Amino acid sequence: RDISEDALTVAGANAGRLGAAGRVEFVCCDLFPPDAEKFDLIVSNPPYVKSTDIAELQPEVRREPRPALDGGPDGLDAFRRIIPGAGKALNAIGCLMLEIGYDQRADVTRLIEKTEFFNVEDVVKDYNGIDRVLVARRREE
């Protein structure tokens, strides 16, 4: 799922190139439509750059469409929408994985853990040793 038709076109081409075209469904929508089915896993690379920091990004990163980068004044706007929506869209054994900015671990962890849905289970670092992905699991009911 993606809000960008162009991104979905690229994803579809990549799936075909990797032999996964028949096993992946690409849907253009904004997050979680009300009639969405339940998922075992939701992985998201949301826009998480603070609006004021975009001009300072590397030139190759700034070529990305602004909506793919701009996370609002504090960089957390998309997380505030994704986390509660994922809580409703994941099944009982569900897992949520979120790419985060280099300085967002504490803030996104707080957003996740203040919900009734998740606990942060793990943090994956990138090749530079920077916190990059938060892994959250459904809380036991």
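The values are calculated or read from the model by the stated rules, or taken from the named source; none is laboratory data. Remember, predicted model here, so these are calculated numbers, not experimental data. When we count neighbours, we look across all protein chains shown, and the Cβ atoms used for this are built from the backbone with ideal geometry, even at glycine. Accessible surface areas use protein heavy atoms only, side chains included; no ligands, DNA or RNA. Shrake-Rupley method; radii C 1.70, N 1.55, O 1.52, S 1.80 Å.
Working carefully through the options P47, P59, find the one that is touching a Leu at 6+ places or on another chain (Cβ under 7 Å), open to solvent by less than 80 Å² (accessible area, probe 1.4 Å) and either under 21 Å from D107 (Cβ atoms) or modelled with pLDDT of 85 or more (or both).
Details: P59 fails: touching a Leu at 6+ places or on another chain (Cβ under 7 Å).
From the options P47, P59, the qualifying one is P47.
Kindly indicate the residue of segment 16-30 that is within 19 Å of the chain's Cα centre (by Cα) and among the aliphatic types (A, V, I, L, M) and also least open to solvent (accessible area, probe 1.4 Å) among those meeting that condition. Steps first, please.
Here is the first cut: in segment 16-30, the residues within 19 Å of the chain's Cα centre (by Cα) are 24-30.
Narrowing the set further to residues that are among the aliphatic types (A, V, I, L, M) leaves 24, 27.
Details: V24: 64, V27: 42 Å².
Among those residues, the one meeting the criterion is V27.
Looking at the structure I just gave you, is G75 within 25 Å of L8 (Cα to Cα) and assigned to a loop (DSSP other than H, G, I, E, B)?
On the way: within 25 Å of L8 (Cα to Cα): yes; assigned to a loop (DSSP other than H, G, I, E, B): yes.
Taking the combined requirement at face value, the residue satisfies it.
Going by the structure shown, is E140 surrounded by fewer than 17 Cβ atoms within 10 Å (Cβ to Cβ), of a type in the set (D, E) and free of Cβ contacts under 8 Å to residues at least 12 places away in the same chain?
On the way: surrounded by fewer than 17 Cβ atoms within 10 Å (Cβ to Cβ): yes; of a type in the set (D, E): yes; free of Cβ contacts under 8 Å to residues at least 12 places away in the same chain: yes.
Judged against the criteria, E140 is a match.
If I go through segment 78-124 residue by residue, how many of them are in a helix (DSSP H, G or I), modelled with pLDDT under 95 and acidic (D, E)?
Count: 1.
Of everything in segment 1-15 that's open to solvent by 60 Å² or more (accessible area, probe 1.4 Å) and modelled with pLDDT under 85, which residue is farthest from the chain's Cα centre (by Cα)?
In this case the residue turns out to be I3.
Scanning segment 125-141 for residues that are more than 14 Å from the chain's Cα centre (by Cα) and assigned to a strand (DSSP E or B), which turns out modelled with the lowest pLDDT? Steps first, please.
We begin by selecting, within segment 125-141, every residue more than 14 Å from the chain's Cα centre (by Cα); these are 125-131, 137-141.
Next, only the ones that are assigned to a strand (DSSP E or B) stay: 125, 131, 137-138.
Values: K125: 97, D131: 97, R137: 93, R138: 89.
Filtering first and then ranking leaves R138.
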